[in-house]
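Undergrad: Mind having a look at this structure? Questions to follow.
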Amino acid sequence: MTTSSPLWDRSELWLLSREVYPRGGRENWAQGAPALVQVGIHFDAVQVPAAVVDACAGTPYQREIKAVFREVGITSSVIVSRLRDWYYVLVPPGTDRTWREPWAKCLGQEDAAPYVSVPHPRRASPPGTYWLLRAPDGSDMLCDPRRVRDLARQGTAPASRRAQDA
């Protein structure tokens with residue numbers, strides 16, 4: 001009995017498919033390092049401070065943080081930075097042109113350094129950069145920017161108001 005498995009899964013292919021040099025990303029992943037992927041092509045990335053998300057969850061623990069993202073309708077496409085001080089939420093390309101939120105930066109094609117560190121799609125825990133929520137395998141898995149705003153507004157609201165909402 002033979003089984004066939006693709007050399008690269010859909011997420012791997014989609015994340016690197018428009019890179020000028022996709023082999024570099026694959027080599028990084030093979031070594032356990034993140035790939036540098038250009039934003040503004042497949043996706044933009046909203047860089048949300050961990051303090052904002054932790055404030056929503058009331059804790060820095062992964063299980064509760066995942067629940068906070070899911071409560072606002074974000075179910076995939078979230079990366080945790082190597083130092084766990086940032087969350088990168090992947091949103092549709094072009095979001096950077098209309099993003100005006102002071103608490104988070106949106107990295108897109110017009111950014112001075114239009115790249116984000118993307119872990120291998122199956123890397124779901126530290127050490128290093130990892131996916132908090134599943135890696136996208138197509139544009140239909142990108143997050144709605146309005147949901148990112150909803151999440152951050154909860155985390156940046158005064159503590160008294162968050163307590164009332166709970």
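Undergrad: Can you tell me how many residues in region 95-152 are buried (at least 20 other Cβ atoms within 10 Å of the Cβ), in a loop (DSSP other than H, G, I, E, B) and touching a helix residue (DSSP H, G or I) at 6+ places or on another chain (Cβ under 7 Å)?
TA: So the count comes out to 6.
Undergrad: Kindly establish whether ALA51 is among the hydrophobic types (A, V, I, L, M, F, W, C) and farther than 24 Å from LEU16 by Cβ. Break it down into steps so the answer makes sense when it comes.
TA: Details: among the hydrophobic types (A, V, I, L, M, F, W, C): yes; farther than 24 Å from LEU16 by Cβ: yes.
In short, yes.
Undergrad: Right, here's the next one. How about region 31-47: which of its residues are touching a strand residue (DSSP E or B) at 6+ places or on another chain (Cβ under 7 Å) and under 12 Å from GLY94 (Cβ atoms)? Don't jump to the end; show me each part of the working.
TA: Step one: filter region 31-47 for residues touching a strand residue (DSSP E or B) at 6+ places or on another chain (Cβ under 7 Å), giving 34-39, 43-47.
VAL39, PHE43, ASP44, listed by residue number.
Undergrad: For residues in region 42-86 being assigned to a loop (DSSP other than H, G, I, E, B) and free of Cβ contacts under 8 Å to residues at least 40 places away in the same chain, which is surrounded by the most Cβ atoms within 10 Å (Cβ to Cβ)?
TA: Selected residue: GLY58.
Computed from the coordinates by the stated procedures, all read-outs in this text should not be read as laboratory data. Computed from a prediction, not measured in an experiment: that's the story for all the values here. In this analysis, Cβ positions are derived from the backbone assuming ideal geometry, glycine residues included, and neighbour counts consider all displayed protein chains.
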